[in-house]
Amino acid sequence: MPASTDKVECAAPLRYDMNKTAPTVKWIGDTGGVLDLIDQRLLPTEFALLSIRNIEQLHEAIRTLAVRGAPAIGVAAAFGPILALQQLDGQADADEGLQQVERACDYLATSRPTAVNLFWALDRMRAKAQRTAHSSQATTRELHTVLLTEAQAICEEDIAMCRQIGRHGEPFIQAGFGVLTHCNAGALATAGEGTALAPMFEAYRKGKRFQVYADETRPLLQGARLTAWELQRAGIDATLICDNMAGWLMKEGKIDMVITGADRIAANGDTANKIGTYSVSILARQHDIPFYIAAPSSTFDLSLESGAEIPIEQREADEVTGFGEIRTAPEGIAVYNPAFDVTDAQNITAIITEKGVIKAPNTECIRAFFAGTSQ
């Protein structure tokens, strides 16, 4: 496997009619199969699937945001060991297979640093491989089968998680509300219907009609390219705004609630999400507007006491100095491009998970929540 700094060509996308749909992440076939991903770099003008056939292509897809969103990254990464084991003879002993899995997990862990779901999924696959390899005289073929079942379970659990987040979050959305969201936390960010968008989809199915305002989300415009596309296809009334318009809309009384996703949540409730989320939380607090985070329990990193310990990914300058082939800034200008920021727990009204709602999150109530849901 190449070093994480090496460039690897990703699989060529297979282009489809824009009216077609497909899961964001889907495994096709048995242990010799391929991983299909929606190429989110091309949306909303093109709808295309990437057929990922090796671990290097998967790393590149994650690194370049062909697949993005914390839960979707975790699900996609779970299939990485399956791809890696395709390179071995099925009759090889399980110890050799375990070594291949370990290398694959270590390699994929270098693709992006902030979204904890990536590491959660890789650790789960690694642990499953270790238990299987050490439990009997298993072959690599048997290890391969067991790990495919585990990766598919992670995918199915993610779909169910989205459904439950939608059900827990739906009551917060009332008919006639103006709802602000930042970045993309819909079906494109998960294997299911999403995190922050799941309550919207559930509320819409129940007949509630409301207005969603989607921040464009500079610098890569996930709100404009992805969230607006998803909401429009779902039939939900959506309006796209520039990031710096959110405060004014709040002052005009157009926003009744804010809901976003998350990439990592510390033990005290501090939450990392796409850059700009922190600013929105400050604006919401200033205007006495409830601010909700929607995320699965796997997004919590209880090993970190606060958001100050969350690693923040720094991305390439060209994401800020232009878009696509169009340059919008002078050559040689200095650029600072953190992909995420951290919202303080005190600015969060509640965290909506698949296991329930954590109101006014802090260390004590989060600890009690997990102690209660683990029983």
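Laboratory data are not the source of any read-out in this text; all were calculated from the coordinates shown. Worth saying up front: this structure is predicted, and the values here are computed from it rather than measured. When we count neighbours, we look across all protein chains shown, and the Cβ atoms used for this are built from the backbone with ideal geometry, even at glycine.
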Problem set entry | Dimensionless Rg over Rh [the range 167-373; C-alpha; Kirkwood] | 0.97
For this session: Along each of the three principal axes of the Cα atoms of the range 98-240, give the extent in whole Å, ordering the values from largest to smallest.
Result: 61, 33, 21
Seminar exercise, completed: Checked the range 75-135 with the C-alpha gyration tensor, a ≥ b ≥ c its square-rooted eigenvalues, rounded below a/c of 1.5, otherwise prolate if a/b is larger than b/c and oblate if not; verdict prolate
Seminar exercise, completed: Simple spin-label estimate for C242/Q130, 7 Å along Cα→Cβ, in nm, reads 5.1
Problem set entry | Additional length obtainable on full extension of the chain from T149 to K206, 0.36 nm per residue less Cα span | 17.1 nm
Exercise. Which ³J(HN,Hα) values in Hz, rounded to whole numbers, follow from the phi angles of the range 274-287 under the Karplus curve 6.51 cos²θ - 1.76 cosθ + 1.60, where θ = phi - 60° and Gly and Pro get x?
Worked result: 3, 3, x, 5, 4, 4, 5, 5, 5, 4, 5, 5, 4, 9
Seminar exercise, completed: With a Förster distance of 22 angstrom and the Cβ-Cβ distance between Q286 and Y336, calculated FRET efficiency to the nearest 0.05 equals 0.35
Exercise. What's the angle, to the nearest 10 degrees (0 to 90), between helix 116-135's Cα axis and the longest principal axis of the chain?
Worked result: 20
Exercise. By its C-alpha gyration tensor, with a ≥ b ≥ c as the square roots of the eigenvalues, how is the range 227-276 shaped: rounded for a/c under 1.5, else prolate for a/b larger than b/c, else oblate?
Worked result: oblate
Exercise. Of the peptides 196-207, 279-290, how do they stack up when ordered by the mean number of other Cβ atoms within 10 Å, highest first?
Worked result: 196-207, 279-290
For this session: In whole angstrom, note down how far apart the Cα centers of the range 335-349 and the range 167-228 are.
Result: 19
Exercise. So what is Rg over Rh here for the range 14-163, counting just Cα atoms and using Kirkwood for Rh?
Worked result: 0.98
Problem set entry | Computed lengthening from A308 to D89, 0.36 nm per intervening residue step minus Cα-Cα distance | 74.3 nm
For this session: Any chance you could run the full-extension gain for D106 through E364? It's 0.36 nm times the residue separation minus the Cα-Cα distance, nm to one decimal.
Result: 89.6 nm
For this session: Using only the Cα atoms of the range 232-338, build the gyration tensor, take square roots of its eigenvalues as a ≥ b ≥ c, and label the shape rounded, prolate or oblate: rounded if a/c is under 1.5, else prolate if a/b is larger than b/c, else oblate.
Result: oblate
Seminar exercise, completed: In deg cm²/dmol, rounded to the nearest 500, the helical mean residue ellipticity at 222 nm of the chain, built from -39500 (n - 2.57) for every DSSP H run of length 4 or more, is -11000 deg cm²/dmol
Exercise. How large is ³J(HN,Hα) for each residue in the range 67-78, as worked out from phi by the Karplus curve 6.51 cos²θ - 1.76 cosθ + 1.60 (θ = phi - 60°), to whole Hz, x for Gly and Pro?
Worked result: 10, 8, x, 3, x, 5, 4, x, 5, 4, 5, 4
For this session: Tabulate in residue order the Karplus-calculated ³J(HN,Hα) for the range 306-320, using 6.51 cos²θ - 1.76 cosθ + 1.60 with θ = phi - 60°, rounded to whole Hz; enter x for Gly and Pro.
Result: 8, x, 5, 9, 6, x, 10, 5, 9, 10, 5, 5, 5, 5, 9
Problem set entry | Förster radius 45 Å - calculated FRET efficiency between R163 and E319 (Cβ-Cβ, nearest 0.05) | 0.85
Exercise. When the Kirkwood hydrodynamic radius is evaluated over all pairs of different C-alpha atoms of the range 128-206, what value in angstrom, to one decimal, is obtained?
Worked result: 14.7
Seminar exercise, completed: One finds, for E96 and Q137 with R0 = 22 angstrom and r their Cβ-Cβ distance, a FRET efficiency to the nearest 0.05 of 0.95
